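Read through the structure below, which is laid out as structure tokens, and then see the notes.
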Amino acid sequence: MTGQEQHRLPGPAAAPAPGASVTLTPGTDVGEDWCPACKAYTRLTGTVLLLTPDGVATVGAWAWCEICDDPEEAPRA
């Protein structure tokens, strides 16, 4: 992600009714990105979606680096 994408939050009219079922899920737009810590294209990025009875909203983004976020690797300074 370049940081220039607009993320849409559900407004008061789109807020689910009390007791309604909502689901938070990753989107299908996974892509590779540059990791500034590793200095390589080892980071995956995507969006986080909120599924409600009224529809789908993009509520954020996620990123994971195969080197930096590996629990078996030593933490980087």
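Among the residues making up the stretch 37-53, those that are of a type in the set (S, T, N, Q) and under 14 Å from the mean Cα position of the chain (by Cα) are 45, 47. Of everything listed in (1) within 16 Å of residue 24 (Cβ to Cβ); (2) at pLDDT below 90, the single unmet condition for residue 70 is (1).
Taking the stretch 34-60 as the range and being surrounded by fewer than 16 Cβ atoms within 10 Å (Cβ to Cβ) and touching a strand residue (DSSP E or B) at 6+ places or on another chain (Cβ under 8 Å) as the test, the residues that pass are 34, 37, 38, 40, 41, 48, 51, 56, 59, 60. Count of the stretch 23-42 residues, restricted to those that are in contact (Cβ under 8 Å) with a residue 24 or more places away in the chain and either assigned to a strand (DSSP E or B) or under 20 Å from residue 59 (Cα atoms) (or both), is 10.
The values are calculated or read from the model by the stated rules, or taken from the named source; none is laboratory data. The structure displayed is predicted, hence computed values, not measured ones. No Cβ is skipped: glycine too gets one built from the backbone with ideal geometry, and neighbour counts run over all protein chains shown.
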